[in-house]
Structures are given as C-alpha cells and as structure tokens.
C-alpha cells in the first residue's frame, strides 16, 4: 500500500465543512476589509511602494526575526517557533489542497516527508505556544500585559494543535498503517487508544472539533492582535518608504495619520519592548508608545459593526497622551517591525494644533513666541546675538557675504544663559584653530524643529523658508549647528521639504559641531597638550546619535584629550536615554514626573563615578545641569558641553564664564 | 445666536523694553510686535464657544490700519464667520467715545443677539469703549464677565469683583458683555488655520461711509488729549542690582540671607 492520507475520511456531510469554511472566510474577509478601508483613509502622498530596504526588512526581520532576536533572544526564539510552526502547518494545508484539487503528488515518499514536516511544524508550534504562556503567566516578563486576548489566542491555538494531533492519532490507531513511524507525534497519541470499533465513531467528533476550532481561529484573525500575522509583514514592507514631511494641505485630509501609521496601529502586537525603552514611561509618566498606538487606532467607520476597539478605551488614555513624547526614538530603535511612534505622535499633534482647543497652555505660549519672535524663550528679538556681539563674532548679515562656515547658533544656545557657554566655547575654539566663520546675527530665525515636533507644520514651513532664503541671500554653503535638533532639521527635514514643496534643493552641507571638532582634531588644527586627569562619561543626545548616527565623532574628540578616561553609562549610543528636553518638552513643565527623565539620566551618569558628564546639545546641557542640582550631585558631578570641555583642555579661558 | 465681537490690535509689551517716543506722549512701537488685545482674544474664544453650543454666527469688528486685518484673520481662523475692518483714518486722536462711535456706526445696522468686547485694551486701558457702545446701542450690559450662560432669552453673567467675589447678573437679550481674561482658555491658532481663511472677504468701511463727521470722531470729537507719557521711576524699597550675572546672584543671595529668607 502506498503511504498517503485519505481526505474527508469518514466525514459526512462534506458540504457542511465547505459551508463552514466559506462562513469563516467571509468573517475573515469582512474583518480585513474593515481595516483596509481605514488604511485607505491615511495620507499617502505618492509614497513609493517599493524599495530594496523593504524586501530586506520583510526577509531579515520578518522571516528570520532579526530585530526580535537582537533585542531578546528568548522572545525571538519563542516567536520563531510559533511563526515557523504556524507557517509550516499553513503550507501543509495548502499543499493538501493542491494535492486534492489540482494534481496528486502527496503519495509514497513525498507523503512521508510531508508527514514528518507537518509533525515537526506542529511540535514547534506547540512548544512555542507553551513557552509564550510560560513567559507571560509564569515568568511574568514585566513588559508583557495580561489582557483577555493575550490568554485566549495562545490557548485557542494550543487547542487547535492538540485537536489536530488527536484526530491524527485516532486515525492512525484505526488504520494502523505500516508507515506510522513517520508520524512520530501522532503515533504517541495513537498509542493511547486501543484499536476498537468505537474509535471509528469517535474519529468524526475529533475531526469536526479540529475543523471548527481551526476555522473559528482563521475567522477571528482580523479582530484580535493576531491580525499582526498579516499586518506586521506589510508594515515591515512599507516602513522604509515613510515620508519625512508632507506639505501642509489647506483642504486637509480627513485623517492626519499617514497610511503607514494606520498599518502600524494594526501591526502592533503590544510586545512592550517600547515600554521598556521609553524614557517617559521609565520616569513614571502616564504614557507609553504602546498606549499611544492603542489610543490612536481608529475604529473602522465604513462598516457599522465596531468590534475591535472597545469604546471608552480612548477616553481613559486621554488626549494629553500625545504631548508626553520627547520624540527621542528609543521605541523605534527596539520595535521589531520599525513602528515609528514619534512620527505618529507628530501627526496626532498636527491634528490637535489645527483644532487648537486641546493644546497645552504652555505650548500655546511657546508656539506664539516662535511665531512672533522666532524663538521659544522670550518675547523679544533683541537679545539673540548679544553674546556674539560681545565676542566680536562676524555677522554675515552685516558683511553681506558668508566668507567661511556659517555657525547656526540656534534659539536656545543664543538666548539661554547656561547654553550660551556652548556658543562662546565653540567660537573660541574656531578662532584658535583659525577657521573663518560667522553667524546670521539677529536675523537668524528658528530652524523650525520645535514647530515641526509640535505638529505646527505651517509654522515649520514658514521658518524653513526663512532659513533657506537667508542661506541663499548670503551665499551660505556650509552650516554648522550647536544643536543636534537644528542639525537634524536641516539635514533630514529640509531636503524633504524642498522636494515636496517644489523648491530647489537646499544646496548646503550641514554639520553638527562635534563633526567639526573631530575634523579639527584629525587635521591637527587643534592639539591638546595638558593632561586633564579626569574620568568623564558622554551622554548621547537623541537627535545626534539615534536619529543621525553620530556616535563616534564626540567620543573621538574626548579620547584625543590626554589624561581623560571615558566611561560609558548603562544606556549609551543607540540605547541612550533621553534627557527629557526634546519634542517640545523643554517648554512643557506641566508633564514632569518625579523623578524627571533628566534626573533618571543624571543618576545613571553619577553611577559611572565619572567626574564630568559631557554632552553635545544645548537642551541636554540645560536639562542635565538642572537635574544635577535637584539630585544633590552639585559637588560630585559637573555637566559640560563638549565645546566647553575642549576649550578647557585647550586652556581657552572664558572671561565671561558664569559658573552658577 | 448671532454674536458680534469688537477687537483691537495692540502692540505686545509684556516682555518688551518700552521707550517713550520723542513726542513725549506715545510709545515707540517700531520694534514691537502687534497682536490681538489679550481681553479681546478671550472675547472671541467665548463667542466661538457660544456659537458652538447654541448655533448662529460670529462677526468680528475692528478699527485700525490695514495691518489690523491680521487680528481679523486670526479671529476668522478661530471660527468667526465674518469680519469688518473700519479704516482708522479720520479716527486718529479719538477718545473712547469716538472709538465707540465708529463701532456703533457698523453695529447699528446689524441684527445680533449679543455683543462682546474685551473689558479693556492693553494699550490705552480706558475700559470704556464697550460700555459707551452699549449705551449708544441702547443695550443692557455687564462688565468684567468671567462666566456666561445663555438660557432662552436671558443671559446669566458672572462678574468678577474684588477679593475673589463674583456677582451673578441676568440680562435680557440682546445685550453687551465685556469680557475679563481667564473666562476660558483661548484656542491655539495655527498658521494653517490662518491660511485656510485667507480667501474669506473682509468688509471694509470708513468714517465717511459710516456717516460720521469730523466733529464726532478723531481729534475733533475727542474730549481728552494725551499730554505726556513717562516710565515709572524706581520707588523707595526697590533696588536694581547691577553687575554681571555672578555678581547679581551673589548680591541676591546676600539680601535673601540678610532678610532672613534662608537660614
């Protein structure tokens, strides 16, 4: 007898199965379509649908689970067992369909291989599911939630697999085929049953049970987080094509979220990696990227039956949720499928800003100052270049021509007393190295970072235009910024803005000052002679490191100073913890928790027993300086900008230095 | 509920270093940023909220130069439906009566249920225009409103009085109410919001069209003239610390210590 498996063996009536399968498919299709209609409402703006990175992500991060394994090997392995097991069984069922309806090939040796393949897949799935349940309910991994569907889904799948093995075992016990050894798992089940006539009547019971459980499972996919098995690969695919900037449209779409955001809302499995990474969550604020994604996920409106998002869940989180995010990007760094919560947050803010009624009061003040006075700090344009005037720094708007590199000082560095130390030190270093440079003086506008992060896209556009016009008027070719925020905005958002609003390319090279310092060290333009004898640690600003990949330039500069030993904090480089000042949070004290994000960070710095924590961003400098004082670390730890540290190592004393 | 809100564009002075102009009776506004008078902003917000709750329309009226169109656009972006700009030419030197006369010229031909104005303007600080306007329109009025509730043909107004007390008054509609700051949280007006109302036409009118003679408004119709303007001098008990930041901080700390502020 040739090894094979009869289809619908002892099953009557077969049409009933087809009716059930059709019903399950219809329920599945309905649920999926509802979500697809939501996606269709998202802004697409001609985003391309293909990139090589898309394919790479689907293969490496989807099929091979790269990001999942990288962040958490146990979780990654567990997921791969379930995923590959599930995929194997799904492929097996497909093959069976082909075999039965198209051409027969599952006979003899092929069947035996097929059989052992299915056994393995089933066992992998079962192992993975038990592991998942153990992680969630026995080990109680902190980042995992224990909601109803977290339990129902895996238990249901366990029942599907067990009923499958039961059906197989009963069949083998009745048939007693000579090749049963190939079905290693089914055989063990079969051994539990004595071969008797009553088994034949039990077999259909077991078969129908398996059929009903399986079909119900398929039908429920779009209604639970299970939907990620379809949406996560789609999100991996579209994630590299997410547009940075979309011109504000006067008509405005119904939704402010992008197509990509809606897919992300459906693709999030609530694994909680972002919850562990988020600095706001870590400081005890009532926010996590995971909660935001759930809050933002819209109920489908095209069909009236809203089954997926229970009403009330949105309210409990509240509209204030979106204002907590510092847009530091730590969540994106750890998300297995590259969900960019900060970008979705930004879109939510854009909607809130346009409505205007739910914007936090302090942020309203800040945005109005930005609009009227081009800075978020004070209701005056007068003091912007005071420090530069006092130092006699060249003002390109006075010389009418940018001879040399344009130092874009930025609002905070220009105005805030502590941050001005950065500008003075940098100017001194450039002067010492003999590099010609100048500023845009009083005319320097805000780069638009704060407006952009706050979702005030119209203001961002105006400020971007003002900056670009100034650059071209004075023939600026190279720009160096104090702030990683200006650097990021010039480097990543201006090109997108120019492209999508029909302006010519920016035509400027943008540097962060750390890159210039590194160049000066490498070319020998500055040389350190005096050993400092200090242990220091370096705090990676989010917009320099994580968002722009500049990790090594500041470290190289620090290492080049003799007698300085650089120690790393627990969270460094890509894993750096936000100081709490980004995303407009610098001007929104009302959300501060106890401890503040900056205090969490300064404690980590203190734990390295370094004497100085060096940073490279005016916002980090202010936040950490304040945290040092409120955390009682005034005597043991100093906070310095890299420029100040370098100037100290070069003995370029600051006469104006106001150490407070 | 049709509401008219009278607004004014004023220079922002909260953090500005003010200088008296050479004529000695005005402020040098060269470097100052113009924006809607703070009280008026609350009035517009209140009008929009009443419209959102009771239906109807909101019309904003201002008297100013062409720059004043900005405050009208801003109000339109907040949700107002129509705007009227009275050209200030011919109104120079007006007192509160003259300004109210201009506004009366526009309002007398409009039918509305409620007129709102700010309790005062931050530049002149007369606090009279709304009340004179009410008199001329023959409307009952309430000033310094911190809460407004409409019930049928009656409007209930909470008025802010001294020492945190409030008086609740009832007025028959139509009525005029002057708005105190803090009555609400005015919404944010986005650039996009302002761009969206760019095409709404603003009705422009002037003194002649309103049938006002030179004797009624402007210098000719004014009962008072501004003579001199001066910045306050540091009085007794006030001490301005000088020096660089370190020295100022040092002195401040010393004073606090001396006066027993810290142990």
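The values are calculated or read from the model by the stated rules, or taken from the named source; none is laboratory data. None of these values were measured; they are calculated from a predicted model. In this analysis, Cβ positions are derived from the backbone assuming ideal geometry, glycine residues included, and neighbour counts consider all displayed protein chains.
Some observations on this one:
- Any hit, the stretch A:394-402, residues being within 14 Å of another protein chain (Cβ to nearest Cβ), within 30 Å of residue B:191 (Cβ to Cβ) and part of a helix (DSSP H, G or I): no
- Test: residue in the stretch A:90-101 that is over 19 Å from residue A:7 (Cβ atoms) and in the same structural domain as residue A:137 (by TED's automatic domain parsing): no
- Condition check for residue B:124: away from every other protein chain (no Cβ under 14 Å), at pLDDT below 90 and touching a strand residue (DSSP E or B) at 6+ places or on another chain (Cβ under 9 Å): yes
- Set B:70, B:31: member being within 14 Å of another protein chain (Cβ to nearest Cβ) and either at pLDDT 95 or above or assigned to a helix (DSSP H, G or I) (or both): B:70
- Members of the stretch B:139-168 found to be on the phi > 0 side of the Ramachandran plot and in a loop (DSSP other than H, G, I, E, B), listed by number: B:152
- Scoring residue A:455 on the criteria (1) buried (at least 24 other Cβ atoms within 10 Å of the Cβ); (2) in contact with a strand residue (DSSP E or B) (Cβ under 8 Å, 6 or more places away or on another chain); (3) within 14 Å of another protein chain (Cβ to nearest Cβ) leaves a single failure, condition (2).
- Of all residues making up the stretch A:359-374, the number that are more than 8 Å from chain B (Cβ to nearest Cβ) and not in a helix (DSSP H, G or I): 2
- Boolean, residue B:179 is within 30 Å of residue A:371 (Cα to Cα), free of Cβ contacts under 8 Å to residues at least 12 places away in the same chain, in contact with a helix residue (DSSP H, G or I) (Cβ under 9 Å, 6 or more places away or on another chain) and crowded, with 18+ Cβ neighbours inside 10 Å: no
- Cross-chain or 6+ apart pairs with Cβ under 6 Å, the stretch A:376-393 first and more than 14 Å from chain B (Cβ to nearest Cβ) and surrounded by 20 or more Cβ atoms within 10 Å (Cβ to Cβ), then modelled with pLDDT of 90 or more and not in a helix (DSSP H, G or I): A:388/A:439; A:393/A:439
- Residue among B:173, B:231, B:144 that alone is away from every other protein chain (no Cβ under 14 Å), in contact (Cβ under 8 Å) with a residue 12 or more places away in the chain and closer than 23 Å to residue B:99 by Cβ: B:144
- Being surrounded by 18 or more Cβ atoms within 10 Å (Cβ to Cβ) and touching a strand residue (DSSP E or B) at 6+ places or on another chain (Cβ under 7 Å) is a description that applies to residue B:134.
- Per-region count, the stretch B:1-28, residues assigned to a loop (DSSP other than H, G, I, E, B), crowded, with 17+ Cβ neighbours inside 10 Å and away from chain A (no Cβ under 12 Å): 2
- Reported count of residues in the stretch A:566-595, each being surrounded by fewer than 24 Cβ atoms within 10 Å (Cβ to Cβ), in contact (Cβ under 8 Å) with a residue 60 or more places away in the chain and either under 23 Å from residue A:333 (Cα atoms) or under 16 Å from the mean Cα position of the chain (by Cα) (or both), is 3.
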